[in-house]
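One structure is given here, and the rest of the page talks about it.
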DNA sequence: TATGGATTGGAATTATTATTTCATATTGCC
DNA sequence: GGCAATATGAAATAATAATTCCAATCCATA
């Protein structure tokens, strides 16, 4: 057997794609089928797979051999391994990956770690979202004239995506960033007819907290996304969400926060359209 | 065959747990093994499973028959089906949620949709990452004097998080944003000893592409994160990654891109530390 | 358009794997 | 403790599936 037989699915995939154009017709046919229906390869028999792909079983074996396997069976193992991997629980994987990365197990482990952290966070939030708070927040933001988006440091990427999405949905908004140093003035314009989305996680950026305080004292309602009920942000907020993001290598995932933020934004956009229609009708 | 043969895994599981205490010793042994190692049942042969569980193959068949199956093969089908379901579930769920949201099924559906989109994207990228490219990118970025981070519009949140993380890791970096209009000057400073992380997805922001072109012509190596091999960004890049983000309600998830970006950043940080240590030693 | 090499189809063969069978052991019950 | 019913182990057998082989076909090239 060739020394460089693809042992994991991704390598196999790449190899197939590379050689795609130099493969004979029938072999190419089964190659395409394999990448499109990996599950069938994992579970089927040579005969059943060949039939589904419209080739002879022998072609399937030739395909495997071209890739360096010694037969269909060893090729199939790669497809089976892929399913196994995919299904192992994320929490377990995350723990294992942290340990692995700790002992310096290469860069792949770092990547896997971030993916696992993000998945864990998403998993977590999907069960935790308080639907009532969610509706309240949407209602509150939907009737705002201008939505102010307030976040610093680690949370800033989320804020910038919210601002981008609000812009696309033609909802007036103002991102409060620190760069220009004009925050105080910007905040000064906010009125009780507006609303704020504020995002901050421990360790809370003092500037974000301070600005949230000022703006709430002006009577502007705040929707907060933060990480615990003890968050200083929670006390200024009309509605707040607790989002627990898993971290890896010292950096927290943003995926759950992002998902919540986008859902809020789009829901607000939808609610406004509905309200608009009703008014006209 | 019994009329009430468990056809799905959950029913099977329940059935086994119910009868657990009335089963003969060896059969109970294999029952426990089956629930603990469902993946092994799905993929193994009767002989290999029996060996792992410490029983005879015939016992395994008797176990299947006790449950009403006519043999091990039909029992195994249930375990295989379970793996299939699990894997397809995300894509299917996403499609279902999209349909639901279309017909105005409330705000919770929007939230679920974004979570599903993010999960799908993560699932997808975790199998797809080309490890070689990943290592190349890390090597390239680790030896850069300054890392320039280039992204507009939708990709900008990712860039800002990269910049934040690089800063925390004390790696010199420069975010190229459009706001101040000084991009041309900023780009002018970049030299072949630096490197760029460029992120852009279809529809590619013309400014991002143009800036990538200019900077690559200056001989600065580019690591690109984009969405297909046809991306205009790919042609300027030394290394590029294809990230397929699922979208929901017109907004693409960023979670896969974020995970990749963070992994790159942290890996670069680690590589620099290692190199530093070696130099001193 | 003839020729050699590559590719393919299909049946024959071999291998692997599930199932059955039967002898032996164990358990519960009188 | 003895007997019947049940459970188990191990090997034989049957079924299924992978692989090989060879003839037929296709395709490029002279």
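The values are calculated or read from the model by the stated rules, or taken from the named source; none is laboratory data. Because the structure is predicted, anything quoted here is derived from the model rather than measured. No Cβ is skipped: glycine too gets one built from the backbone with ideal geometry, and neighbour counts run over all protein chains shown.
Couple of notes before you dig in:
- Qualifying residue in the range A:194-208 (condition: facing chain B (nearest Cβ under 8 Å) and either within 20 Å of residue A:265 (Cβ to Cβ) or crowded, with 17+ Cβ neighbours inside 10 Å (or both)): no
- Each residue in the range B:4-43 was checked for being more than 16 Å from DNA strand D (Cβ to nearest atom) and either touching a strand residue (DSSP E or B) at 6+ places or on another chain (Cβ under 8 Å) or in contact (Cβ under 8 Å) with a residue 24 or more places away in the chain (or both), and 11 of them qualify.
- Residue count, the range B:1-28 (criterion: out of contact with any helix residue (DSSP H, G or I) (no Cβ under 9 Å at 6 or more places or on another chain), within 24 Å of residue B:85 (Cβ to Cβ) and part of a helix (DSSP H, G or I)): 3
- Scan of the range A:209-236 for residues that are surrounded by 22 or more Cβ atoms within 10 Å (Cβ to Cβ) and under 13 Å from residue A:176 (Cα atoms), ordered by number: A:211, A:212, A:215
- Residues satisfying the stated conditions in the range A:72-116, i.e. at pLDDT 75 or above and facing another protein chain (nearest Cβ under 8 Å): A:80, A:82, A:83, A:84, A:107, A:108, A:110, A:111, A:112, A:113, A:114, A:115
- The set of residues in the range B:29-51 being within 12 Å of DNA strand C (Cβ to nearest atom) and either part of a helix (DSSP H, G or I) or away from chain A (no Cβ under 14 Å) (or both) consists of B:40, B:41, B:42, B:43, B:46, B:47, B:48, B:49, B:50, B:51.
- Meets criteria (over 23 Å from the mean Cα position of the chain (by Cα) and modelled with pLDDT of 95 or more) for residue B:179: no
- Test: residue in the range B:247-255 that is more than 25 Å from residue A:176 (Cα to Cα), free of Cβ contacts under 8 Å to residues at least 60 places away in the same chain and buried (at least 24 other Cβ atoms within 10 Å of the Cβ): no
- Answer residue from the range B:52-72, given it is assigned to a helix (DSSP H, G or I) and within 37 Å of the chain's Cα centre (by Cα) and is surrounded by the most Cβ atoms within 10 Å (Cβ to Cβ) among those: B:60
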